[in-house]
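Structure record follows, encoded as C-alpha cells.
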Amino acid sequence: MKTNLVSICLLLATAAIAEPGNYNIEPMSNTVTRDIEYVPVTRSEPVYSNIIKNIPHEVCQDQQVAVQQQSSGSSPMGAIVGGIIGGVLGHQIGGGSGKVAATIGGATVGTMIGQSGSRDTRTTYQTVRRCVIQYETRSENVLTGYINYAKYHGQDIAKMSDEPLKEIKVTNSFSF
C-alpha cells in the first residue's frame, strides 16, 4: 500500500514536470506566470489637459502731481513793513529807558515775521510715471499623452503612454 502511494506521487510529479508549456514558477509564491504577448494597437487617441497660466505684464501710466515750491529768498518789502509795525508796537509797550529796548525788540521780531510771511510759494506740476504689475489669464490645451487601444481575446484593453504605441505588452499569469 505504501509502495503504491509513493509510486502515484512520483508519477504525478513526473507528469507535472513533463507537461509542455513555458512556465515560470516563482519560489515563495502561488502565482505562475505563463508568457508575455504583444498585442497590436488598433488606435491611439491624444489626451489634452486644460492649463491656466497667469502671465504678468507691466502697465504704466503718466500722472500729473502737484509740487509746492517756496523761494529761498524773501521779499524785502515784507521785512521792512514787518520791522516798522513791530517797532511801533514795541514803542507802545515800553516805558522810560525800556522804551528803546522794546522798540528795537519789536522791530526785530516784526522783521522776522515779515520775512517769513512774504515767502513766495508756487505750485507747479510734474509728470510722474507710475507702473503696476497686472496679470493676464490664459487658458491653453496641452498634450499630456495618448490612450492606446487594442483587442485581446475579444476584450478591449487600453494603456496610457507618452507617445502612440504600436503594440501593448500583455503578461498572462494564473494563480493556484
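The label point for residue 104 and the one for residue 141, both projected 7 Å from the Cα toward the Cβ, are 9.7 nm apart. Annotation for residue 62 and residue 36: the two label points, set 7 Å from Cα along the Cα-Cβ direction, are 7.1 nm apart. Please give me the summed charge of the neighbours of residue 47: other residues whose Cβ is under 14 Å from its Cβ, Lys and Arg +1, Asp and Glu -1. So the environment of residue 47 carries a net charge of -1.
Laboratory data are not the source of any read-out in this text; all were calculated from the coordinates shown. Keep in mind the model is a prediction, meaning the values are calculated, not measured. Quick reminder, even Gly has a Cβ in these numbers, built from the backbone with ideal geometry, and neighbours come from all protein chains shown.
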